[in-house]
Amino acid sequence: MKTSTQILPGIKTIGWIDCRHLPRRVDLSAICGMAVPILTDIHPIPFFDEPTCECKTKKDGAGYEDTATLKFHTCGRLPFGACLGFVVTDVNGNSFLIGSLEAPRPTVECELRTGVPSGDPAGYAYEIKHVSIKSMVPCII
(Lines give C-alpha, C1' and ligand atoms only; values in the text may rest on other atoms or scores of the structure.)
Protein backbone atom coordinates (compact mmCIF):
# COMPACT_ATOMS: atom_id res chain seq x y z
CA MET A 1 0.00 0.00 0.00
CA LYS A 2 1.45 3.34 -1.03
CA THR A 3 0.68 6.50 0.88
CA SER A 4 1.96 10.05 0.73
CA THR A 5 2.30 10.44 4.50
CA GLN A 6 5.80 10.86 5.88
CA ILE A 7 6.89 11.09 9.49
CA LEU A 8 10.47 12.30 9.62
CA PRO A 9 12.66 11.51 12.61
CA GLY A 10 14.61 14.12 14.52
CA ILE A 11 14.42 17.01 16.93
CA LYS A 12 14.63 20.57 15.63
CA THR A 13 14.56 22.56 18.89
CA ILE A 14 14.56 22.02 22.65
CA GLY A 15 13.68 24.70 25.18
CA TRP A 16 13.11 24.89 28.90
CA ILE A 17 10.23 26.63 30.63
CA ASP A 18 9.18 27.38 34.19
CA CYS A 19 6.31 24.97 34.95
CA ARG A 20 4.83 27.42 37.46
CA HIS A 21 3.46 29.38 34.46
CA LEU A 22 1.64 26.45 32.85
CA PRO A 23 -2.13 25.95 32.91
CA ARG A 24 -3.52 23.43 35.37
CA ARG A 25 -3.87 19.74 34.47
CA VAL A 26 -2.23 19.72 31.04
CA ASP A 27 -2.33 15.91 31.19
CA LEU A 28 -6.13 15.89 31.25
CA SER A 29 -6.25 18.35 28.36
CA ALA A 30 -4.05 16.01 26.33
CA ILE A 31 -6.27 13.02 27.12
CA CYS A 32 -9.23 15.04 25.80
CA GLY A 33 -7.30 15.71 22.58
CA MET A 34 -6.66 19.40 23.21
CA ALA A 35 -3.31 21.01 22.42
CA VAL A 36 -2.02 23.02 25.37
CA PRO A 37 -0.96 26.64 24.75
CA ILE A 38 2.46 27.62 26.13
CA LEU A 39 1.97 31.20 27.36
CA THR A 40 5.39 31.70 28.92
CA ASP A 41 8.94 32.26 27.71
CA ILE A 42 10.66 29.29 26.12
CA HIS A 43 14.41 29.47 26.72
CA PRO A 44 16.24 27.71 23.85
CA ILE A 45 18.80 25.05 24.71
CA PRO A 46 21.69 24.73 22.24
CA PHE A 47 22.39 21.06 21.68
CA PHE A 48 24.78 18.94 19.66
CA ASP A 49 24.98 15.28 18.70
CA GLU A 50 21.63 13.59 18.19
CA PRO A 51 19.04 14.28 20.90
CA THR A 52 16.35 11.66 21.46
CA CYS A 53 12.84 11.87 22.85
CA GLU A 54 10.55 8.91 23.37
CA CYS A 55 7.38 8.09 25.25
CA LYS A 56 6.42 4.63 26.47
CA THR A 57 2.87 3.81 27.53
CA LYS A 58 2.03 0.90 29.80
CA LYS A 59 -1.10 -0.40 31.46
CA ASP A 60 -1.18 0.50 35.15
CA GLY A 61 -4.12 -1.07 36.95
CA ALA A 62 -7.32 0.34 35.45
CA GLY A 63 -5.52 3.14 33.59
CA TYR A 64 -2.38 3.90 31.65
CA GLU A 65 0.94 5.49 32.55
CA ASP A 66 3.30 7.35 30.20
CA THR A 67 7.04 7.63 30.68
CA ALA A 68 8.72 10.30 28.55
CA THR A 69 12.51 10.32 28.23
CA LEU A 70 14.49 13.18 26.67
CA LYS A 71 18.27 12.89 26.23
CA PHE A 72 20.58 15.55 24.83
CA HIS A 73 24.09 17.02 25.07
CA THR A 74 24.64 20.74 25.57
CA CYS A 75 27.50 23.11 26.34
CA GLY A 76 25.86 24.88 29.29
CA ARG A 77 24.06 24.06 32.51
CA LEU A 78 20.34 24.42 33.01
CA PRO A 79 19.11 26.48 35.98
CA PHE A 80 18.81 24.80 39.37
CA GLY A 81 15.89 25.29 41.72
CA ALA A 82 13.29 26.07 39.08
CA CYS A 83 10.36 23.81 38.26
CA LEU A 84 11.70 22.91 34.84
CA GLY A 85 9.59 21.72 31.96
CA PHE A 86 10.71 21.13 28.41
CA VAL A 87 9.27 21.91 24.99
CA VAL A 88 10.53 19.69 22.17
CA THR A 89 9.80 20.48 18.51
CA ASP A 90 10.42 17.80 15.88
CA VAL A 91 11.39 18.35 12.25
CA ASN A 92 7.74 17.99 11.22
CA GLY A 93 6.83 21.08 13.27
CA ASN A 94 5.03 19.19 16.06
CA SER A 95 5.71 20.53 19.56
CA PHE A 96 5.43 18.52 22.77
CA LEU A 97 5.48 19.57 26.41
CA ILE A 98 7.26 17.44 29.00
CA GLY A 99 6.27 18.62 32.47
CA SER A 100 3.30 20.04 34.34
CA LEU A 101 2.30 22.50 37.01
CA GLU A 102 1.30 19.72 39.41
CA ALA A 103 3.36 16.82 40.68
CA PRO A 104 4.91 14.61 39.50
CA ARG A 105 7.48 16.89 37.94
CA PRO A 106 10.20 15.82 35.52
CA THR A 107 13.41 14.45 37.01
CA VAL A 108 16.55 16.03 35.57
CA GLU A 109 19.87 14.17 35.59
CA CYS A 110 23.00 16.02 34.55
CA GLU A 111 26.37 14.46 33.80
CA LEU A 112 29.55 16.45 33.06
CA ARG A 113 31.61 14.75 30.36
CA THR A 114 35.12 15.66 29.30
CA GLY A 115 35.13 13.36 26.27
CA VAL A 116 38.16 11.79 24.63
CA PRO A 117 40.25 13.24 21.80
CA SER A 118 39.05 10.56 19.35
CA GLY A 119 35.67 12.23 19.05
CA ASP A 120 33.46 11.73 22.12
CA PRO A 121 31.55 14.92 22.93
CA ALA A 122 32.50 17.03 25.91
CA GLY A 123 29.92 19.05 27.79
CA TYR A 124 26.81 18.26 29.77
CA ALA A 125 24.69 15.19 29.11
CA TYR A 126 21.09 15.54 30.30
CA GLU A 127 18.46 12.88 30.78
CA ILE A 128 14.96 14.07 31.63
CA LYS A 129 12.24 11.63 32.69
CA HIS A 130 8.60 12.39 33.34
CA VAL A 131 6.02 9.84 34.48
CA SER A 132 2.35 10.79 34.34
CA ILE A 133 -0.99 9.67 32.93
CA LYS A 134 -0.02 11.67 29.82
CA SER A 135 3.61 12.74 29.43
CA MET A 136 4.38 14.10 25.95
CA VAL A 137 1.56 16.63 25.67
CA PRO A 138 0.97 18.23 22.26
CA CYS A 139 1.33 21.98 22.64
CA ILE A 140 1.05 25.23 20.73
CA ILE A 141 3.98 27.63 20.98
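The values are calculated or read from the model by the stated rules, or taken from the named source; none is laboratory data. A quick note: this is a predicted structure, and the numbers were derived from the prediction, not measured. Using ideal geometry, Cβ is built from the backbone for each residue, glycine included, and neighbour counts are taken over all protein chains shown. Side chains included, ligands, DNA and RNA excluded: accessible areas come from the protein's heavy atoms. Shrake-Rupley method; radii C 1.70, N 1.55, O 1.52, S 1.80 Å.
For the stretch 48-70, which residues satisfy the criterion of being under 20 Å from W16 (Cβ atoms) and touching a Phe, Trp or Tyr at 6+ places or on another chain (Cβ under 7 Å)?
If the condition is that a residue be under 20 Å from W16 (Cβ atoms) and touching a Phe, Trp or Tyr at 6+ places or on another chain (Cβ under 7 Å), then P51, L70 are the ones that fit.
Confirm whether G115 is open to solvent by 60 Å² or more (accessible area, probe 1.4 Å) and either part of a loop (DSSP other than H, G, I, E, B) or modelled with pLDDT of 90 or more (or both).
no
Being of a type outside the set (S, T, Y) and under 16 Å from E102 (Cβ atoms) is the filter here, so list the residues in the stretch 22-40 that pass it.
Matches in the stretch 22-40: L22, P23, R24, R25, V26, D27, L28, A30, I31, V36.
If a residue must be part of a loop (DSSP other than H, G, I, E, B) and either open to solvent by less than 80 Å² (accessible area, probe 1.4 Å) or closer than 16 Å to F48 by Cα (or both), how many such residues does the stretch 118-141 contain?
Looking only at that region, the number is 7.
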